[in-house]
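The values are calculated or read from the model by the stated rules, or taken from the named source; none is laboratory data. No experiment lies behind these values; they were computed from the predicted model shown. Because the Cβ atoms are built from the backbone with ideal geometry, glycine has one as well, and the counts that use them run over all protein chains shown. The accessibility values were calculated without ligands, DNA or RNA, using every heavy atom of the protein model including side chains. Shrake-Rupley method; radii C 1.70, N 1.55, O 1.52, S 1.80 Å.
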Amino acid sequence: MSTAVKDIAREMLALAQEITRKKSPEGALGQVLKGYLERRIKECEEEISKFENKYGMPFEDYKEMLGERVTLSYEHEKDYMDWGASVIEYRFLKEEKNKLDYYGY
């Protein structure tokens, strides 16, 4: 790792400690990451909810019906891609948050 990258990392950790008022760099970084994950999870939940309200069903049902009871159209395929991406991201972010929770952050 270059000296410049190490300096930036130290400055970022110091900033995290300052804004969270945590003494340990690990505690500060954990709190910052947890806040970020919680915000992104909420955004994914809102996006997923928007599609569930639009189609009146959860993603898995929509996926099964696409091309059968839900016609194939640009809008439906785009919604499928966006909705699916939100579901995947939501699951990933929840797993990462659970790791932080496990380690007590």
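Annotations
- Residue in region 19-37 that is touching a Pro at 6+ places or on another chain (Cβ under 9 Å), without any contact (Cβ under 8 Å) to a residue 40 or more places away in the chain and not small (G, A, S) present: no
- Here E64 does not qualify as part of a helix (DSSP H, G or I) and under 30 Å from R21 (Cβ atoms).
- Residue within region 72-94 that is assigned to a loop (DSSP other than H, G, I, E, B) and on the phi < 0 side of the Ramachandran plot present: yes
- In region 62-105, residue least open to solvent (accessible area, probe 1.4 Å) [restricted to those that are over 18 Å from E45 (Cβ atoms), of a type in the set (S, T, Y) and touching a helix residue (DSSP H, G or I) at 6+ places or on another chain (Cβ under 8 Å)]: Y80
Conditions (1) loosely packed, with under 14 Cβ neighbours inside 10 Å; (2) out of contact with any helix residue (DSSP H, G or I) (no Cβ under 7 Å at 6 or more places or on another chain); (3) part of a helix (DSSP H, G or I), marked per residue:
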| site | (1), (2), (3) |
| --- | --- |
| D7 | yes, yes, yes |
| A14 | yes, yes, yes |
| Q17 | no, no, yes |
| L29 | no, no, yes |
| G35 | yes, yes, yes |
| I41 | no, no, yes |
| E46 | yes, yes, yes |
| E52 | no, yes, yes |
| E60 | yes, yes, yes |
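- Where a residue in region 47-58 is touching a residue at least 40 places away in the same chain (Cβ under 8 Å) and its partner, wherever it lies, is open to solvent by 50 Å² or more (accessible area, probe 1.4 Å) and part of a helix (DSSP H, G or I), with Cβ under 9 Å and at least six apart: I48/Y90
- Which numbered condition K22 fails, given (1) assigned to a helix (DSSP H, G or I); (2) surrounded by 13 or more Cβ atoms within 10 Å (Cβ to Cβ): (1)
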